[in-house]
Amino acid sequence: MNLKTVYEILLKNFGKQNWWPAETEFEVIVGAILTQQASWKNVEKAIKNLKENNFLEPQTIYSIKISQLEKLIKPSGFYRIKAKRLKNFVNFLYKKYDGDLNKLFSLEKDFLRKELLSVNGIGKETADSIILYAANKPTFVVDAYTKRIFNRLGLIKENDYEKIKNIFEYSLPEDVELYKEYHALIVELGKNICKLKPKCKECCLSKWCNYANGVNNSDKRES
DNA sequence: ACCCAGGTGGCCC
DNA sequence: GGGCCACATGGG
């Protein structure tokens with residue numbers, strides 16, 4: 001059992017996810033910030049508010065009053081700090097890259113990551129999500145699900161973000177589409193199959209472990 | 001009335 | 001380096 005095998009099992013059972021659900025690169029970035037510790041359903045409402053008012057571009061977020069931005073993104077939760085974070089990003093984009101995402105994304109991957117991490121409100125997962133899903137460069141996104149699921153599967157013992165990211169990148173071919181799909185599948189597993197609450201440890205996880213080991217994969221009739 | 005969600009930064013030691 | 005805390009809405 002290795003990380004590539006787990007990917008194939010997930011893909012077979014959940015199907016292709018085709019992430020990130022967004023129409024533009026900038027929408028990916030906004031979504032990545034808004035989804036911090038929030039359910040995607042709530043983020044969708046916030047994005048819809050921005051879209052309906054034609055605020056879903058760097059220029060308009062740059063110009064909008066913070067109080068109005070807060071109002072529009074309210075459903076996503078932590079709306080005051082997230083409004084600041086969106087502002088922080090576009091301020092950074094205008095100050096250093098003429099407000100041009102193409103200029104930012106033309107940076108070499110590691111330097112791009114460093115630049116994104118310098119923005120207050122963009123941490124490792126958000127930065128990697130932007131690099132992978134908006135800039136289309138191969139970087140593996142690690143989230144809370146990744147840590148919990150793969151620790152419990154016994155496939156990793158680390159808890160440090162960078163270490164886990166390195167394990168995935170080392171174990172898999174460097175492939176943007178693979179990285180995109182794998183992270184999406186992990187989230188799908190985390191959201192819909194195993195709630196991963198402590199009391200859920202037995203039922204959900206042992207079931208999936210068996211599943212992952214091929215012990216019991218005859219009960220899927222889909223696809 | 002709890003618990004949680006596709007995290008992050010600030011502060012403390 | 002790690003442990004704790006605030007940040008806030010909507011759904012189960």
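The values are calculated or read from the model by the stated rules, or taken from the named source; none is laboratory data. Since the model is a prediction, treat every value here as computed from it, not as a measurement. So basically every Cβ, Gly included, is an ideal-geometry build from the backbone, and we count neighbours across all protein chains shown.
Just checking, which of A:99, A:190 is small (Gly, Ala, Ser), within 16 Å of DNA strand C (Cβ to nearest atom) and either at pLDDT 95 or above or not assigned by TED's automatic domain parsing to the domain that holds residue A:55 (or both)? Of the residues listed, the single one that is small (Gly, Ala, Ser), within 16 Å of DNA strand C (Cβ to nearest atom) and either at pLDDT 95 or above or not assigned by TED's automatic domain parsing to the domain that holds residue A:55 (or both) is A:190.
Yes or no: residue A:42 of a type in the set (S, T, N, Q), surrounded by 13 or more Cβ atoms within 10 Å (Cβ to Cβ) and either touching a Pro at 6+ places or on another chain (Cβ under 9 Å) or at positive phi (or both)? The answer is yes for residue A:42. Among the residues of region A:138-181, which ones are assigned to a loop (DSSP other than H, G, I, E, B), in contact (Cβ under 8 Å) with a residue 24 or more places away in the chain and surrounded by fewer than 20 Cβ atoms within 10 Å (Cβ to Cβ)? If the condition is that a residue be assigned to a loop (DSSP other than H, G, I, E, B), in contact (Cβ under 8 Å) with a residue 24 or more places away in the chain and surrounded by fewer than 20 Cβ atoms within 10 Å (Cβ to Cβ), then A:138, A:143, A:153, A:155, A:172, A:174, A:175 are the ones that fit. From the list A:44, A:23, A:8, the lone residue that is charged (D, E, K, R), without any contact (Cβ under 8 Å) to a residue 24 or more places away in the chain and part of a loop (DSSP other than H, G, I, E, B) is A:23.
With respect to being aliphatic (A, V, I, L, M), within 16 Å of DNA strand C (Cβ to nearest atom) and touching a helix residue (DSSP H, G or I) at 6+ places or on another chain (Cβ under 7 Å), residue A:86 fits the description. Going by the conditions given, is residue A:18 within 13 Å of DNA strand B (Cβ to nearest atom), part of a helix (DSSP H, G or I) and of a type in the set (S, T, N, Q)? Against the criterion (within 13 Å of DNA strand B (Cβ to nearest atom), part of a helix (DSSP H, G or I) and of a type in the set (S, T, N, Q)), residue A:18 does not qualify. Test residue A:81 against the criterion of being closer than 16 Å to residue A:122 by Cα and either in a helix (DSSP H, G or I) or free of Cβ contacts under 8 Å to residues at least 40 places away in the same chain (or both), and give yes or no. For residue A:81, the condition - closer than 16 Å to residue A:122 by Cα and either in a helix (DSSP H, G or I) or free of Cβ contacts under 8 Å to residues at least 40 places away in the same chain (or both) - is met. If you check A:106, A:129 for being in the same structural domain as residue A:30 (by TED's automatic domain parsing), over 18 Å from residue A:22 (Cβ atoms) and out of contact with any strand residue (DSSP E or B) (no Cβ under 7 Å at 6 or more places or on another chain), only one passes: A:106. The single condition from (1) within 12 Å of DNA strand C (Cβ to nearest atom); (2) farther than 19 Å from residue A:191 by Cα that residue A:58 fails is (1). Out of curiosity, is residue A:39 within 11 Å of DNA strand B (Cβ to nearest atom) and within 27 Å of residue A:161 (Cβ to Cβ)? Considered against the rule, which asks whether it is within 11 Å of DNA strand B (Cβ to nearest atom) and within 27 Å of residue A:161 (Cβ to Cβ), residue A:39 comes out as yes.
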